[in-house]
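Please read the structure below before turning to the comments.
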Amino acid sequence: MHRPTKRAAATVALLAISTVARADQVDDYVTAEMAKRQIPGVSIAVARDGKVVKSQGYGFANVELEVKATAETVYQLASVTKQFTATAVLMLVDDGKLALDDKIHKHLPDVPRAWEEVTVRHLLDHTSGIKSYTSIPNFFATARKDYTPEDLIKLVADAPMEFKPGEKFLYNNTGYYLLGLLIEKVSGKKYGELLEERIFKPLGMTSTRVNDYKAIIKNRAQGYSNAAGALVNGEYVSPTQPFSAGALVSNATDMAKWDAAMNSEGLLRKPLLEKLWTEAKLNDGKGTGYGFGWGVGNRNGRKLVEHGGGIQGFSTQISRYLDDKLTVIVLTNSDNGRAGAIANGIAGLFVPELKIAEAKPVEDKDPATTEILRKALQSLLSGKKEGIPLTAEFSAFLTPDRLKLGPTLAASHGELKSFALLRSEAQGKAMRYQYRALFGKSPHLVMFIVTEDKKIAGANIQPE
């Protein structure tokens, strides 16, 4: 074995010192973001070159009991669940129990005949064309309802296909719900049992499981929302609704083990493992920006695979910067937690090349839509939704309590001084618009989803 040179040893030492320094900067950054966004608790894990270099909790897992958040605090993962579901499906493919191009009718013969051309692959990469049950008008008003699989499938069974399988990409919770049913049918085991046997137990993920409110889950975090500027307990959501599309719970420690497993063939052989991060192609050859349970793209030209999760009371994110061998995991107990944005900020502290430059206004080629959205924002800031072109679902979502948030924001930051377009992009059949809104001296990012018929299907606002 060769003895390292003094220069090489000094370089290693400097890198170690640099990593520690950046880890210390993370504390200041995370606590500042928590204060800005009123996030009660955050837990993170950061890994470089396969080793955890930062694992910590901030704030409170439970505000009422003043229980501090730690790396062991358990959060609802929401849609981060999808990558576990996708991995389980590929395990069954490896077992020879199903194939990616199997028609789902082969394994789930009772699903609607309209879905007969849909394959397992279409479900995994969100190109099935089946309607997502979470896009059904007023679905979120039933958050507390327990659904049987039969009842939930009935919600979309008679809905026309959004498009032909493989024709378009449209994020779809029905697809991943069906994958959970398929896993159970093919394996002969409950979804949670299979994941425990094939993934959680082998990796030592002792705090990861399917959510169950009746179960005693050690270190479970309480979820929170903001209502009229005040912190409130997040709304209860029956775990029967997200199921294999979003019902897992975990902590930062376990998620770091999951990340480490993605660097080896412990769970899947390399050819199958890489399918998770291989961008799916549409029938016309265009890319989708999504693999199997992972978003696929880049950050400042550097490879990135990631997924976020959001559910009442929680916001989560796992981002794997492949070129930099850096992973950032962020779990928050606030549905306003913006875990993805926090993960971006942390990544930039460790790798400066990953810092996101401030977005610049772009040419607005559709000023008429911008004016409609500006007026809609001003109405919402006044606590009113009358006269705004809203979809039925989003109108139902804007309850009186949620509408109170507008006047609170206006009172805290002042009147709207400017409203500039930062980006616009297609999102399925809809369009997604992002603006920078300046309230007094406080810049905020405002996002609107607008349907083909110019109705607002969603909106979000947060400090920049």
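The values are calculated or read from the model by the stated rules, or taken from the named source; none is laboratory data. Quantities reported herein were computed from a predicted structural model and do not represent experimental measurements. All Cβ positions, glycine included, derive from the backbone under ideal geometry; neighbour counts span all protein chains shown.
Side notes on the structure shown:
- The one condition in (1) modelled with pLDDT of 90 or more; (2) buried (at least 19 other Cβ atoms within 10 Å of the Cβ); (3) more than 29 Å from Asp28 (Cβ to Cβ); (4) of a type in the set (Gly, Ala, Ser) that Ala343 fails to fulfil: (3)
- The set of residues in region 82-114 that are in contact with a His (Cβ under 9 Å, 6 or more places away or on another chain) and part of a helix (DSSP H, G or I) comprises Lys82, Gln83, Ile104, Arg113.
For every residue, the table says whether it meets (1) assigned to a helix (DSSP H, G or I); (2) assigned by TED's automatic domain parsing to the domain that holds Asp284; (3) in contact (Cβ under 8 Å) with a residue 40 or more places away in the chain.
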{"site": "Arg144", "(1), (2), (3)": "no, yes, yes"}
{"site": "Tyr147", "(1), (2), (3)": "no, yes, yes"}
{"site": "Asp151", "(1), (2), (3)": "yes, yes, no"}
{"site": "Val156", "(1), (2), (3)": "yes, yes, no"}
{"site": "Phe169", "(1), (2), (3)": "no, yes, yes"}
{"site": "Gly175", "(1), (2), (3)": "yes, yes, yes"}
{"site": "Leu181", "(1), (2), (3)": "yes, yes, yes"}
{"site": "Glu184", "(1), (2), (3)": "yes, yes, no"}
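- Filtering region 371-428 to residues that are over 24 Å from Ala230 (Cβ atoms), of a type in the set (Gly, Ala, Ser) and touching a residue at least 40 places away in the same chain (Cβ under 8 Å) leaves Ala376, Ala392, Ala420, Ser424, Gly428.
- The strands (runs of 3 or more DSSP E) falling completely within region 277-334 that include 2 or more residues that are within 30 Å of Pro165 (Cα to Cα) map to 295-299, 302-311, 314-321.
- Among the residues of this structure, Ala45 does not count as one that is touching a Gly at 6+ places or on another chain (Cβ under 8 Å), touching a residue at least 40 places away in the same chain (Cβ under 8 Å) and either small (Gly, Ala, Ser) or surrounded by fewer than 20 Cβ atoms within 10 Å (Cβ to Cβ) (or both).
- Just one residue in the set Leu380, Leu390 is over 22 Å from Ile136 (Cβ atoms), buried (at least 18 other Cβ atoms within 10 Å of the Cβ) and of a type in the set (A, V, I, L, M); that residue is Leu380.
- Exactly one residue out of Gly229, Gly188 is in the same structural domain as Ala99 (by TED's automatic domain parsing) and under 26 Å from Trp115 (Cβ atoms), and it is Gly188.
- The single condition among (1) in a helix (DSSP H, G or I); (2) within 30 Å of Asn226 (Cα to Cα); (3) free of Cβ contacts under 8 Å to residues at least 40 places away in the same chain that Lys54 does not satisfy is (1).
- Filtered by the rule that a residue be at pLDDT 90 or above and within 24 Å of the chain's Cα centre (by Cα), region 438-454 gives Val446, Met447, Phe448, Ile449, Val450, Thr451.
- Leading residue by the ranking (farthest from Pro149 (Cα to Cα)) among those in region 115-129 that are in contact with an Asp or Glu (Cβ under 9 Å, 6 or more places away or on another chain) and outside any loop (DSSP other than H, G, I, E, B): Arg121
- Gly340 being closer than 30 Å to Ala256 by Cβ, part of a helix (DSSP H, G or I) and not assigned by TED's automatic domain parsing to the domain that holds Ala459: yes
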